[in-house]
Amino acid sequence: MSDDDGIPECVYCYNDQGVCDRFPHLQNDRFFTLKLEYIQCHARPYVLEKLGFGLDDFENVETRRAHLRTKHGYEFLVKFYNAVDRSHFGCSNWEALCKSYGFEEGMHIRFDIRPEDYDDDDNIDICVDVDMPPVLPRSYFLSSRNTRKVVDNINYNYDSKLNCEEKGYLVSFIEDVEAFKNSHSISPNYTRYMPLVHTLLDDNFIAKNLRLLKQVVPDMLFTKGDMHMVSLRPTPSEAYHTAYSISSNDGRLKIKEWSKVMNVHTQIIGDKMNVRKPQVGDRFMSILHYGEGPVYLFYGILARREE
């Protein structure tokens, strides 16, 4: 076969192996799909045009910005990298968008180029057309780096995972922990916080004592000692004084007299100001604080999803 009979070279990425869809097109004249990597050639000219590239600029090695929006109200100003033969989104804000929806490598994500905006030269909006709900709330991205690290370290047990809205509750809970520490001059934690969301069941609430996973027990914590249990929902209530011990068998932390918490009839449940007595089956979020001075268990009780 002669060179004249070969596969034509793509004018956008210069591929001549037949793996490129060379003909520019959009789905329904507005949508294109991105596999979390380079923008496919058939959609690339439309994206370049939307972001202000002229016909003679397609091969420019240049970085511009795109405003990515979702139907759930998330907005991220991301960098758009253009090279001679390819274009892609990048930067920390792009990573934040992927993290907010749990996008994973290889997933196909649909975008809306919004052709109705073409008359506005300054409009760089591109909609991320996703039906899947976000997994992180907007408050997560507006919080401090320290708060985000604590959220990322979350531990679960007994099918107690948080949805997006409940993670927003966790963000405010962590901020309340820091506010309580500052207002009471509590020394910094010796180790990083490992928050726990756990369902109160017969397996971890035994003989009036609560048992916490080994993974959330701070390093170097004494095997026995005293503890203050403090509810932070919505404002700190009376701190309950109790004792704790660490099991030599499985490393779980046993908190004695947890029944003090269970017997409170005016406990705030969740962030909707519901007041009732805690019950077996409720989900608790907690953070153990171990620094110079007393050990603290900060806790909050999540509202049941049907409440």
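The values are calculated or read from the model by the stated rules, or taken from the named source; none is laboratory data. Only a predicted model underlies this, so the values are computations on that prediction, with no experimental measurement involved. Ideal geometry is used to build each Cβ from the backbone, glycine not excepted, and the neighbour counts take in all protein chains shown.
For this structure, a couple of remarks:
- Being assigned to a loop (DSSP other than H, G, I, E, B), over 29 Å from K167 (Cα atoms) and not hydrophobic (A, V, I, L, M, F, W, C) holds for only one residue in Y38, Y81, and it is Y38.
- Restricting D125, D129, D117, D112 to those that are closer than 28 Å to Y38 by Cβ, surrounded by 14 or more Cβ atoms within 10 Å (Cβ to Cβ) and in contact with a His (Cβ under 7 Å, 6 or more places away or on another chain) reduces the list to D125.
- Total residues in the stretch 191-235, condition more than 24 Å from A303 (Cβ to Cβ) and in contact with a His (Cβ under 9 Å, 6 or more places away or on another chain): 4
- One residue stands out in the stretch 254-302 among those that are at pLDDT 80 or above and touching a helix residue (DSSP H, G or I) at 6+ places or on another chain (Cβ under 7 Å): the one that is farthest from G168 (Cα to Cα), namely P278.
- Of the candidates L200, L213, L142, L232, the single residue that is more than 30 Å from L36 (Cα to Cα) and surrounded by fewer than 18 Cβ atoms within 10 Å (Cβ to Cβ) is L213.
- Residue in the stretch 236-254 that is farther than 26 Å from L136 by Cα, part of a strand (DSSP E or B) and among the acidic types (D, E) present: no
- From S87, S160, residue being outside the structural domain of L51 (by TED's automatic domain parsing), touching a residue at least 40 places away in the same chain (Cβ under 8 Å), surrounded by 14 or more Cβ atoms within 10 Å (Cβ to Cβ) and in contact with a Lys or Arg (Cβ under 7 Å, 6 or more places away or on another chain): S160
- For the stretch 113-138, a residue qualifies if it is in a strand (DSSP E or B) and at pLDDT 90 or above, and the qualifying residues are I126, C127, V128.
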